[in-house]
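A short write-up of the structure that comes next.
Any read-out appearing in this document is the output of simple, stated calculations on the displayed coordinates, not a laboratory observation. Note that the coordinates shown come from a computational prediction; the quantities given were computed from them, not determined experimentally. Glycine also receives a Cβ, built like all others from the backbone with ideal geometry; neighbour counts cover every protein chain displayed.
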Amino acid sequence: MSDTRISAGSLIKSAFGLGLGRMGDVIRVGWFPLVAGLIGIMAYSYFTTQDVMMAQFEMYRNMASGSDMQETMATYVETAAAAQTGMYWVHSLVGLLLMFVVIAIPVVAYTRMVVDGATPRGPLYFRLGPKEIMVALDYILLLLLTYLVMLVVMIIPIIVAVAVFAGAESPEAFMSESPGIVILGGLGAFVFILSAICWFWAKFGLAIPIAVKEGGLGLRRAWRLSKGNTGALFFGIVGTYVLMFLMMIGFFIAILIVGGIVGIPLAMLATNTGMTGIAIAVGVALYIVVYVVMYCITTSIQAGLFAEAYRRIKGSSAVAAEFE
């Protein structure tokens, strides 16, 4: 149990201070691993699961052209089922691991930016070593355990729902007679499940900075390190995700407004001048840029939350530095 006490407010402030206050460094660190990693994953998936990908592409093309949906889906299911051999699942698992490695590369850098006060050198950052692999494995293990926690805690709302419906003539009759109770019950179950997931990450989320700074998966050490600060971590996680959700809503509203003001006249101009292909290419490029920026910001905020908690609990003093 740690003698150091942290506050949820300080964690949230530090997390957003990294994601928004150091946005330039955050994007510089995160964009290249993301783009290079996604290109690599798509290339790997194309060469290893080409039949399924081509069948899926054909399905989307037929849907867009107004072809018979039932026949299109049947063809896709038949092709996908034939291709899903043992090696298909091996390749899928490798692709999943590569995806988490792509996430882990900037997370390691963001963690060091908070804990060590270090800034990556150079315009491009890409480092793949034991720390990045360990963080990727940590993420996979934590997400699998998160799903397990979710499945376990879902049993309680299900039992409550069965007990409530047992005294009614039928579930449909109860829902029509007491819609308010049904809505409140659904919201209560949703909050209960999310609270359990946040509690789980409050207990084990410190495994990520532990893997970066100390090595190993660190789940047992995360449990010990979080003792005495679980409440602060819990409310820090809740507050961070609520604020991120509101930030994303505001960001996309701004995009819609700007897109309506600027995008519609440009689209009309492109249509009238026969430059529709160029307009689509520009639109796709802008979408990729927006996605990369938002990915870097949100990933750094999440990593910064646990990195700041680790730094405060361990009592480390960040010293400005640079690293490769």
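Which far-off residues, 5 or more places away or on another chain, put their amide H under 5 Å from the one on Ala118, with H placed in the peptide plane?
Close amide H contacts, sequence-distant or interchain: Met113, Ala321.
List, in order, the whole-Hz ³J(HN,Hα) value for each residue of segment 295-312 obtained from phi through the Karplus relation with A = 6.51, B = -1.76, C = 1.60 and θ = phi - 60°; use x for Gly and Pro.
In residue order, the calculated couplings are 4, 4, 5, 5, 5, 5, 5, 5, 5, x, 4, 6, 5, 5, 4, 4, 4, 6 Hz.
Between segment 94-167 and segment 174-218, what is the C-alpha centre distance in whole Å?
Spelled out, the Cα-based centre of one part sits 14 Å from the other.
Among 297-304, 236-243, 38-45, how do they line up by average Cβ neighbours within 10 Å per residue, starting with the highest?
Details: 297-304: 24.5, 236-243: 19.0, 38-45: 13.8.
Ranked from most to least packed, the peptides come out as 297-304, 236-243, 38-45.
Val191 to Lys13: extension gain in nm, 0.36 nm per residue of separation minus the Cα-Cα distance? Walk me through the intermediate numbers first.
Working: separation 178, 0.36 × 178 = 64.08 nm, distance 2.40 nm.
Here the segment from Val191 to Lys13 would lengthen by 61.7 nm.
Could I have the simple spin-label model distance between Met99 and Ala36, label points 7 Å from Cα toward Cβ, reported in nm to one decimal?
2.1
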